[in-house]
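One structure below.
The values are calculated or read from the model by the stated rules, or taken from the named source; none is laboratory data. Quantities reported herein were computed from a predicted structural model and do not represent experimental measurements. No Cβ is skipped: glycine too gets one built from the backbone with ideal geometry, and neighbour counts run over all protein chains shown.
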Amino acid sequence: MLQLEGVGKRFGGLPALDGVGFTVPKGQVTALIGPNGAGKSTLINCISGVLAPSAGSIRFGQAELAGMAPHHIARLGIARTFQNLKLFPRLSVLDNVLTGLTCEAGRSMVMAMLRLPYLRHRERQLKLRALEALDRFGLADKAALPVSILAYGDKKRVELARACVSTPRLVLLDEPVAGLNADETAAVGEQLGRLRREGQTLLLVEHDMELVMGLADQVVVLDSGRCIAAGSPAEVRRNPLVLEAYLGKMEATA
Ligand SMILES: Nc1ncnc2c1ncn2[C@@H]1O[C@H](COP(=O)(O)OP(=O)(O)OP(=O)(O)O)[C@@H](O)[C@H]1O
Ligand SMILES: [Mg+2]
């Protein structure tokens, strides 16, 4: 579904990504792991159009995503969450999730202002879908609250609901359980497992190895901007290069 080849990204003179290549098969969970600063978020930003890669190609079906604007990429059916939450704090939980449907909501301001019966019907349909997405992540009872008053764990789940509400072809998740406690992590793990069983294609960046090993069909390992390993969770777990990448960093920071 998604095919990366030779993807590079430089910040100033420094390479954050260098010759990254792998594929994300349809209907599978691909986990992207690696030590802090490996380039995982940079890669998610390149795929979603937040950053333009400096080199290489990112193909999604027939489309070349490298250099394409984020809203065009979203319209192709790629949704994402952010490592550091990007919600609209003053909007309600429901309205935050509705922003995940802007691609479908139509663009005519005049039409929206006329409030034609058809548009009111359409608006109700979109709200219903947003409520369904909230329900799926256990947040339906919080729909009317301003998102700013929610606990951190709930905010993370609002982002998940917003990413999934449009039933995208591909969802990019940047550390969906970072900062969550054990119960919250287990709940999100369940919810992601359900998406997987439904055939949702996911690219999951995550440090929680238990979650990764339980969910992923394949694991890709980045270290210092390079792909150092790829394979099944079991293969990657016993790959000496992967152990070295993680242990090396631990020794360096010890
Ligand atoms: N906008 C930016 N400008 C300059 N350097 C950046 C920028 N974004 C990321 N970097 C650098 O690129 C490298 C990769 O960062 P990135 O955030 O992609 O790592 P990561 O794998 O997501 O790490 P973490 O696990 O800590 O989230 C780091 O050295 C980082 O300092
Ligand atoms: Mg990151």
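Some notes on this structure:
- The test for being among the small types (Gly, Ala, Ser) and in contact (Cβ under 8 Å) with a residue 60 or more places away in the chain does not hold for Ser232.
- Scanning segment 204-224 for residues that are under 14 Å from Val236 (Cβ atoms), assigned to a strand (DSSP E or B) and within 14 Å of the chain's Cα centre (by Cα) yields a single hit, Leu204.
- Number of the exception - Gly179 against (1) within 16 Å of ligand 2 (Cβ to nearest atom); (2) under 13 Å from the mean Cα position of the chain (by Cα); (3) among the small types (Gly, Ala, Ser): (2)
- Residue check for Ala66: part of a helix (DSSP H, G or I), away from ligand 1 (no atom under 15 Å from the Cβ) and of a type in the set (A, V, I, L, M): no
- Leu94 vs. criteria assigned by TED's automatic domain parsing to the domain that holds Pro146, crowded, with 17+ Cβ neighbours inside 10 Å and either within 18 Å of the chain's Cα centre (by Cα) or within 21 Å of Lys155 (Cβ to Cβ) (or both): yes
- Contact map, segment 32-58: first residue under 20 Å from Gly77 (Cα atoms), second residue of a type in the set (Asp, Glu), Cβ cut-off under 6 Å, separation 6 or more or different chains; pairs are Ser41/Asp174; Ile44/Asp174; Ser57/Glu5.
- Of all residues in segment 36-58, none are charged (D, E, K, R) and either more than 16 Å from ligand 1 (Cβ to nearest atom) or surrounded by fewer than 17 Cβ atoms within 10 Å (Cβ to Cβ) (or both).
- Any hit, segment 147-161, residues being part of a loop (DSSP other than H, G, I, E, B), among the hydrophobic types (A, V, I, L, M, F, W, C) and surrounded by fewer than 18 Cβ atoms within 10 Å (Cβ to Cβ): yes
- For segment 140-155, the criterion of being under 14 Å from Ile33 (Cα atoms) and in contact with a helix residue (DSSP H, G or I) (Cβ under 6 Å, 6 or more places away or on another chain) is satisfied by no residue at all.
- Take the conditions (1) within 28 Å of Gly214 (Cα to Cα); (2) within 16 Å of ligand 2 (Cβ to nearest atom); (3) of a type in the set (A, V, I, L, M); (4) modelled with pLDDT of 95 or more; Leu85 misses just one of them, which is (4).
- Residue list for segment 12-45, restricted to those being within 14 Å of ligand 2 (Cβ to nearest atom) and either within 16 Å of Leu65 (Cβ to Cβ) or outside any loop (DSSP other than H, G, I, E, B) (or both): Ala16, Leu17, Ala31, Leu32, Ile33, Lys40, Ser41, Thr42, Leu43, Ile44, Asn45
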